[in-house]
Amino acid sequence: DADHLMRARTLTDRDELLELSVRLPDANDYLQSAGRLRWLLDSGRAVTVVIVEDGATVNAWAILERSDEGWAMWKGPGGFRPDPEVLSLLARAMRPLSPCMLVLDAAWYFPPALAECCWRASGLYRTSLVDVRHESDILRGMNAATRQRVLHAQREGAEVVADDPRLLDAFYVVYSQCMRDAGSPDLATYDEMSTLLACTDVHLFTVHHESK
């Protein structure tokens, strides 16, 4: 029985979380990775991590961050293999964090395990993957208005510069203004963005037109 072999533990202490970030295995998604955890801590965000461990081995984990609406776990849990009993342990441990939202990786979606812990499903989210080797497929997947704006920009000479963190200063000016104009609550500070780009699996792509 997994309940006898494994236990769930909730970590909130910064030193414990930093130590955990060193020994976490690779995650399927950046949002549940050690790099993301270190970025959240460096940014001063409120963070909680629930782990399921067997002795000294971490079998699964959920990185949760605090917002005005409550706690949220994005694209998780992290772990070696999806398992309904492990999810049940995590779900029970996360119940005291209410209000809390879990955006589960599709492989971890086990409705009976969630229901027995009194979690309620609110909807399914899907990510579309496009083969970026074929530009025509990318354009075809856009709505007509967006596609026309992209084609117009290309005709005017706009070009994409790939993965150059040295462009952060110029990028941040445009990014911050657009986020403020949109009234977005998720505006990252310059320091947060700089810390994020220090992660090896985060890349910055910019579009240039007439040297701007």
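The values are calculated or read from the model by the stated rules, or taken from the named source; none is laboratory data. Keep in mind the model is a prediction, meaning the values are calculated, not measured. Neighbour counts run over all protein chains shown; Cβ positions are idealised from the backbone, glycine included. These accessible areas exclude ligands, DNA and RNA; they are computed on the full protein's heavy atoms, side chains included. Shrake-Rupley method; radii C 1.70, N 1.55, O 1.52, S 1.80 Å.
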Notebook entry, point to check: Given 163, 201, which one is under 27 Å from residue 21 (Cα atoms), in contact (Cβ under 8 Å) with a residue 40 or more places away in the chain and touching a His at 6+ places or on another chain (Cβ under 8 Å)?
Noted result: 163
Item checked: Members of region 95-114 that are under 22 Å from residue 7 (Cβ atoms), over 18 Å from the mean Cα position of the chain (by Cα) and either surrounded by fewer than 18 Cβ atoms within 10 Å (Cβ to Cβ) or not small (Gly, Ala, Ser) (or both) -> 95, 96, 97, 98, 110, 112, 114
Notebook entry, point to check: Does at least one position in region 29-42 carry a residue that is outside any helix (DSSP H, G or I) and touching a Leu at 6+ places or on another chain (Cβ under 7 Å)?
Noted result: no
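Of all residues in region 43-81 being surrounded by 14 or more Cβ atoms within 10 Å (Cβ to Cβ) and assigned to a loop (DSSP other than H, G, I, E, B), which is farthest from the chain's Cα centre (by Cα)? Explain how you work it out, then say what you get.
As a first pass, look at region 43-81 and keep what is surrounded by 14 or more Cβ atoms within 10 Å (Cβ to Cβ): 43, 47-53, 58-66, 71-79.
Checking the rest, the ones that are also assigned to a loop (DSSP other than H, G, I, E, B) come to 43, 77.
Details: 43: 15, 77: 11 Å.
Among them, the one singled out is 43.
Conditions tested, residue by residue: (1) at pLDDT 80 or above; (2) open to solvent by less than 70 Å² (accessible area, probe 1.4 Å); (3) hydrophobic (A, V, I, L, M, F, W, C).
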position	(1), (2), (3)
151	yes, yes, yes
158	yes, yes, yes
179	yes, yes, yes
194	yes, yes, no
200	no, no, no
Margin query: So, in region 1-28, how many residues would count as being part of a helix (DSSP H, G or I) and not small (Gly, Ala, Ser)?
Written below: 12
Margin query: Just checking, does region 29-42 include any residue being open to solvent by less than 10 Å² (accessible area, probe 1.4 Å) and of a type in the set (Phe, Trp, Tyr)?
Written below: no
